[in-house]
Each structure stands twice: as structure tokens, then as C-alpha cells.
Amino acid sequence: MSNTRNTSQSQDSPDDQDPQETDDSTRQDAAEERRPTPMEVLRQARSQLAELTGLNPESVSSFEQTEDGWSLEMEVLELPRVPDTMSLMASYQVELDRRGDLTGYRRVRRYERGRSDARRSG
């Protein structure tokens, strides 16, 4: 008599893995690598900038996909005034990684809401 059992459980090897488990881990890796859609990036950027600064972005004036992720310029109301055309606005440059997580931001310009950019000649 022998005390050894000849069962698949006692003789499992890495090659004998359940195909379902392999498919699940492949799907999980793919989901982690999936780049968010532009709308998902916009929502994440607005939310993250608001959380960090306490200011709510009113609009996005530039949006671009970069090699490292995403770059946006967002317009923010910094100081409300009456009349509204005198409110102080700011443009923020916002950088996000490929997953849409904010990696940095900086204010690039402040202006009164009612003022347009100066035209450049020539």
C-alpha cells in the first residue's frame, strides 16, 4: 500500500492553472493600463483641481493628450466682484498622468472677466 495520492490537487503545476483565473488577471492588467476617455480626464481634472485649490473651474480653454498623459488649461473664478465683468479670473495649467491623476498645476495668468487678451500685431 502506498500513502501517496494521485489527485490533480496534489500535482498542480503552474501550467495547470485554471484558464478562468488567467483571463481574469489579464483583464485586470488591461483595465489598469486603459487610458481614460477625454471626458473622464476632464471630470477628474476639474474635481482634483477643485479639491486642491478650493476653487471650481468654470471652463476648459485647452486640452491635449501628451506622451506622459494629459495637459489642460482651466479657467477659474478667483474673486467674485460686482458687476460680474469685474470678477477676477485665473488660468491654471493642469498636468495629469496617463490614468488621469493630477501630477501638477500652476496659475499661468490672472485677468478681469470682462477683459479680452491683447491682440498681437504682426
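One table, with the values for the structure above:
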quantity	calculated
Residue 63 paired with residue 116, simple spin-label distance in nm, labels 7 Å along Cα-to-beta-carbon	2.4
Stretchable slack from residue 79 to residue 93, in nm (0.36 nm times residue separation minus alpha-carbon distance)	3.2 nm
Ranked 108, 76, criterion: other C-beta atoms within 10 Å, fewest first	108, 76
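We did not get these values from a lab; they are worked out from the coordinates using the rules stated. Small disclaimer: the values here were computed from a predicted structure and weren't measured. Backbone-built Cβ (ideal geometry, glycine too); neighbour counts: all protein chains shown.
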